[in-house]
Amino acid sequence: MNNWPQMWAQFFRGLYRSLSVLGREIQGKRGRAVVIGVPLLTMGLLFVLPFVIILRISFSESELAQPPYSSLWQWLEGGYLTIKLNFSNYLLLWQDALYLGAYLNSIKVAALSTLFTLLIGYPLSYGIARSNKRWRLALLMLIILPFWTSFLIRIYAWIGLLNSTGVINNLLLYLGVIDQPLALIRTDFAVYLGIVYCYLPFMVLPLVANLMRLDDTLLEAAADLGCRPMAAFFKVTLPLSMPGIAAGCLLVFIPAVGEFVIPDLLGGPDSVMIGHTLWTEFFTNNDWPLAASVAVAMLAFIVLPTLAFEHIQDRRARST
Amino acid sequence: MIARRSWFITFAMLFGFAFLYVPILSLIVFSFNESKLVTVWGGFSLKWYAALWHNEPILHAARLSLLVGVVSASLATIVGTLGALALSRFGRFRGRTAFALMLSAPMVMPEVILGLSALLLFVTLKQLIGWPAERGLLTIMLAHVVLLTAYVTIVAQSRLTQMDESMEEAALDLGARPWKVFFVITLPQIAPALMAAWLLAFTISIDDLVIASFASGPGATTLPMVIYSKMRLGLTPEINALATIVVAVVATGIALAALLWRRDKTLD
């Protein structure tokens, strides 16, 4: 028992041998089938199938049962199958100002915070991409570091700063700039701030990757031909970085639209976002069919159009 | 070009990094606060770390989160590597576009939708085949695998397409079987990237609140779920202490990953 390294070595040799025997068994066509099949089955079962289920449940009625929704089909006597589709959830979404308002508000908040993220992220990415190699890696690590700490903890940090007894208010009171604490938390401002803060790395990483590939000779050529740096930026750098901008905006906009945690902890009571509505319908009101139809509508009217738009942009960028 | 950075860019970078780090620094500073108030300084103390050490619910939840993170990140690394292999080495096969889309879509799906879909899947499965009898750790892990696989696939695929395929081709020409080529040639070369992908998947898993809340059942409360319920009740310096530990661990992890990456670059 005192010879652990050797035992481990033997263990791994044995494992490798049995794996290669197994591998020989499933070579060629069958090996290919395994490599494609495992991810296909995993994602098919755990990701694609649930969407069919969501769609199904969105057409059922809420019931006081376990699980709390009605069945869509029923076998009647004599072998008749009846299918009952219930559109009232979707009608409610369309008619009740609460839901429509939540959709529109989510789009507005997500779009504006994506814009703010771009405005802060672009110069930052530009600076990182243009710095020398040694610095670049360190700066990128500094961008990624907050992203790897907990999402909740980063929002928690902002609560500590923005609270009425928080650091910012205390500082301003101490300096005598204000004599009443400002209402910073539970406002739209706090939601924008939270989204920009949490999603900034998603904007910066694709932008840096894009800007790093920028060919310096193009800018030199522009300068030689008498173009001022500012004009060169708008005529050369910005158009060439469009794919990076599109990728960054997509990575910020879509999760922001469905965001639950940030509006829940930083947002005010009158600015409701759709991810929050879905959560409340599900956990508080226990109305699963309505939550499912909120999800279907979010997919159909926000996520899929955004992805399609991105796809078209991407194709156009590649063809030119 | 490099030296001539305008004052505007310098200012933007200073502002950007200050924006990213001031909240975290304030969090760390107040974790050493003597006072019970999170935002008023009352002297240096380590008592919140001691309180954290004796807080059994938080420690228990942290252990559960670590377990969920390790299992789901490992499963996702296997599935994602296979997916990346299929996407980068099998040429064009029927249904490739759909396959690629399926593997990357969870990344751009709002979390509430992923969570709801996982939960409704488990409920329906229970109705149809009686499994899973109860939601808990296993269902959280399965729900996480979906999201993490997407991230692992992206990382592994970009490494695989960057890699020089001539060694693999040479091994195949010399009669090595595809399986052996993968374990002897491909895997050692992509191992650092896979390790980075595993770490990324692990941190996403232990950080997740929304998907876990949907997929979880009674008794399985992960760390983010505990932190969230505490945050709703108000600020407590114990969370600051916890956050400081998380930041320290993550910073060490990032530094290690950077070292691995640099070693990998020099090997190339």
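Taken together, the values in this text are just the output of simple stated rules run on the coordinates, not laboratory data. Just so you know, these numbers come straight off a predicted model, no measurement behind them. No Cβ is skipped: glycine too gets one built from the backbone with ideal geometry, and neighbour counts run over all protein chains shown.
Quick notes on this structure:
- Against chain B, whose longest principal axis comes from its Cα atoms, helix B:223-233 is set at around 30 degrees.
- Protection proxy ranking of B:139-147, A:244-252 - average other beta-carbon atoms within 10 Å, highest first: B:139-147, A:244-252
- Rounded to the nearest 20 debye, the dipole size of region A:205-276 about its Cα centre is 160 debye, using +1 on the Cβ of Lys and Arg and -1 on the Cβ of Asp and Glu.
- Candidates per chymotrypsin sites (Phe, Trp or Tyr not before Pro) in region B:177-241, loop by DSSP, up to 13 other Cβ within 10 Å: none
- Rounded FRET efficiency, nearest 0.05, which uses the C-beta distance separating A:VAL52 from A:ASP314 and R0 of 30 Å: 0.60
- Over region A:73-144, equivalent-ellipsoid semi-axes from the Cα gyration tensor in Å: 54, 20, 7
- In the protein assembly as shown, lysine pairs closer than 29 Å at Cα, eight or more apart or cross-chain: 8
- Across the options A:LEU184, A:ILE153, A:PHE11, the greatest Cα extent toward the positive end of the charge dipole of chain A (unit charges at beta carbon of Lys, Arg, Asp, Glu) belongs to A:PHE11.
- Region B:62-120: chymotrypsin sites (Phe, Trp or Tyr not before Pro) falling in loop per DSSP and having at most 16 other Cβ within 10 Å: B:PHE90, B:PHE93
- Principal-axis analysis of the Cα atoms of chain B puts helix B:111-129 at an angle of about 70° to the longest axis.
- Computed from Cα positions, the angle between helix B:56-89 and the longest principal axis of chain B comes to roughly 20 degrees.
- Approximating the spin labels as points 7 Å out from Cα along Cα→Cβ, the B:ILE78-to-A:LEU104 distance works out to 5.1 nm.
- Positive-pole candidate from B:PHE90, B:ALA176, A:PHE301, dipole of the protein assembly as shown, charges at beta carbon: B:ALA176
- Charge tally around A:PRO269: other residues with Cβ under 12 Å, Lys/Arg +1 each, Asp/Glu -1 each, net -2.
- The stretch between A:ALA221 and A:GLN66, if pulled fully straight at 0.36 nm per residue, gains 48.8 nm over its current Cα-Cα span.
- Legend: calculated FRET efficiency, A:GLN95 to A:PHE283, from the Cβ-Cβ distance at R0 = 30 Å, rounded to 0.05, equals 0.80.
- GNM result for chain A, Cα springs below 10 Å: residue of A:LEU92, A:LEU46, A:LEU76 fluctuating most strongly: A:LEU76
- Cα centroid separation, region A:69-119 to region A:128-151 (Å): 40
- GNM flexibility winner over chain A from A:PRO255, A:PRO239, A:PRO146 (Cα, springs under 10 Å): A:PRO239
- Backbone N within region A:34-60 under 19 Å of label point (7 Å from A:PHE87 Cα along the Cβ vector): A:55-60
- Chain lengthening between B:ARG89 and B:ILE129 when straightened (0.36 nm per residue, less Cα-Cα): 10.7 nm
- Options B:ILE9, B:ALA193, B:THR203, ranked by Cα towards positive dipole end of chain B, top entry (Cβ charges): B:ILE9
- Here region B:131-172 and region B:9-55 have alpha carbon centers that stand 36 Å from each other.
- The mean count of C-beta atoms from other chains within 10 Å of the C-beta of residues in A:153-166, rounded to a whole number, is 6.
- Considering only A:LEU115, A:LEU40, A:LEU182, the Gaussian network model of chain A with Cα springs below 10 Å gives its largest mean-square fluctuation to A:LEU40.
- Computed from point charges on the beta carbon alone (+1 for Lys and Arg, -1 for Asp and Glu), the dipole magnitude for region A:93-319 about its Cα centre is near 860 Debye.
- Between B:PHE17 and B:ALA248, the modelled labels are 2.4 nm apart [label points 7 Å from Cα along Cα→Cβ].
- Cα centre as origin, Lys/Arg/Asp/Glu Cβ charges: the protein assembly as shown dipole, Debye: 1660
- Residue by residue along B:100-111, Cβ atoms of other protein chains within 10 Å of the local Cβ number 6 on average.
- Averaged over B:241-254, number of beta-carbon atoms from partner chains that fall within 10 Å: 3
- For region B:55-267, the relative contact order is 34 percent, taking Cα pairs closer than 8 Å that sit 6 or more residues apart in sequence and dividing their mean separation by the residue count.
- Relative contact order (%) - chain A, alpha-carbon pairs under 8 angstrom, separation at least six: 24
- Screening chain A for DSSP H helices whose Cα atoms reach 20 Å or more along their own axis and whose mean Kyte hydropathy is at least 1.0 gives A:97-130, A:133-148, A:188-212, A:242-257.
- Euclidean distance of C-alpha centroids, region A:279-310 and region B:63-98, integer Å: 26
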